[in-house]
1. First measure r as the distance between the Cβ atoms of Val225 and Ser192, then evaluate 1/(1 + (r/R0)^6) with R0 = 51 Å and state the FRET efficiency to the nearest 0.05.
2. Where does the range 90-196 land on Rg(C-alpha)/(2.2 N^0.38 Å)?
3. Between Gln181 and Ala248, what length comes free when the chain is fully extended (0.36 nm per residue of separation minus the Cα-Cα distance, one decimal in nm)?
4. Can you pull the one-decimal nm distance between simple spin-label points at Leu99 and Ala136, each 7 Å off the Cα toward Cβ?
5. Please list Phe365, Phe213 from largest to smallest accessible area, probe radius 1.4 Å, with all protein chains kept in place.
6. Given a Förster distance of 45 Å, report the FRET efficiency between Gln39 and Thr431 from their Cβ-Cβ distance, rounded to the nearest 0.05.
7. Would you tell me the accessible area of Ser180, worked out with a 1.4 angstrom probe on the heavy atoms of the protein chains, in Å² to the nearest 10?
8. Taking a 1.4 Å probe, which of Val266, Val163 shows the most accessible area, and what order do the others take after it?
Amino acid sequence: MFESMDQEFASWLADAPEPDWTEHPVYSWMTPPGDRLEQLVKLAPAARPTCELALLDPQALSAADRIELVAALEEQKNWIEAVQARVLAEIDAADTSRLNLSQEAVSLALKIPLRSAQRKLKTGRTLVCELPKTLALLSSGEISERHAQLITEAAWRLDPELVEEFEDRVTERAADQTVSQLRQSVSRAEVSLDPATAQQRHIRALGDRRVGFQPADDGMVELPVLLGAAEGQLIFTRLTAAATLLPADDLRTMDQKRADLLVDAVLSGLPHDALPQLQGRRPSIQVVVCADTLLNLDDEPAHLVGYGPITAEAARWLAADESGTWRRLLTDPDTGQLLDISADRYRPSQRLRDYVSARDGVCAFPTCNQPAYRCEYEHIEAYEKGGRTCRCNAALACRRHNLCKANTGWQYRRNPDGSFLWTDDTGHQGTGHPPQRWSSPGEGNRSEASRAEASRAEAGRQSTRQAPSDEPPF
């Protein structure tokens, strides 16, 4: 039987016409890479096989073709941004929840901060509904996402009836401009179309004045300040003038002198006792550090709440400040977890609030980084449903995410490792991990001798270790 089948197959193969392999998609890769690239760039981004661009070997291309490939990839990326904008606009339009929880859903899916998710949704809605020409340029790859964002943000500042004419003006040359060049065109169009006087525009801009807080590397932070031009120039001029009065043998740079003078002026000029309370205490910095580190027995990093890890030496320097107040937090020697505290009353005590603030540091939502002093104490399981006022049922939540569980279908729980698992109304999940502030078991460089010495020091302060009580043992 098999012999008969083989004979039939051989007969069919002999009579079959010669196939035209040039029509097969694989044949395209037998052509020179430069020729294939030329074919691809003639197509609109939406019609290009993106995988083919990705598979082109840059080493096989000429120098000119590599530039063509980079440009084609950039166009393809811009087209994908336009596709995503349309999807985001649909997500936003379909959101009927009271709190607009599509923001949280996008934040979890893309692993971006909540504000970034809000901006993406608003940008997508604006591009689709109000800026069709800008979206078309983005879809064709002629402008980048940064160009589109610049036009979109300007449209937000204009009266709705001016947006169409504004878009006509700025998109005329946008495809040939860099982002900085487009920014100038956008500014000119805004000034030309906005009927308000320059002073009125300045007054509106003054409403956006602010001081920011951005953690930087190596134990540093940036405090971006947006002020009126006159006030900002005056502050900088005075700092510069004051820096020139310092002794000539001062080895600090001019920038360092200005920074130090600013710190001295701000910290000396604000009366601490007159400031309002946050989380029940006057504004201050909070540092969590192991006792062994303070005793110079190891160099484990400390944690500056609202910033992150700082070096042991920096923590010891802060500890030497006589104006500081230290509260003791005991941890389980086996797990590194803070010892439990509990209470049967609804409102947490001040010490319990301090405890949860020190433990978690930020809002429990995975992509929200609101610091503890801007958050509220949260019962994970509602108190009226039997939830206790204790550390195992406690979390920090900013005002928005405190409302997230209220008849929205969203819920969360605290895991044994201290992380928080959130589940949205569609079943998608995301996990948030509070910043690590102290060493976990097995970490660090302490020797057995140093641990024993630390234990003896602790024993001298407290002869017996008491069981956890309703109040943290600070």
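1. 0.95
2. Here the answer is 1.14, to two decimals.
3. Working it through step by step, the gained length comes to 19.8 nm.
4. According to this spin-label approximation, the distance is 4.1 nm.
5. Accessible-area ranking of Phe365, Phe213, largest first: Phe213, Phe365.
6. 0.50
7. Looks like 70 Å² after rounding.
8. Val266, Val163
The values are calculated or read from the model by the stated rules, or taken from the named source; none is laboratory data. All figures in this text were calculated on a predicted structure; none of them were measured in a lab. When we count neighbours, we look across all protein chains shown, and the Cβ atoms used for this are built from the backbone with ideal geometry, even at glycine. Keep in mind that these areas ignore ligands, DNA and RNA; they rest on the heavy atoms of the full protein, side chains included. Shrake-Rupley method; radii C 1.70, N 1.55, O 1.52, S 1.80 Å.
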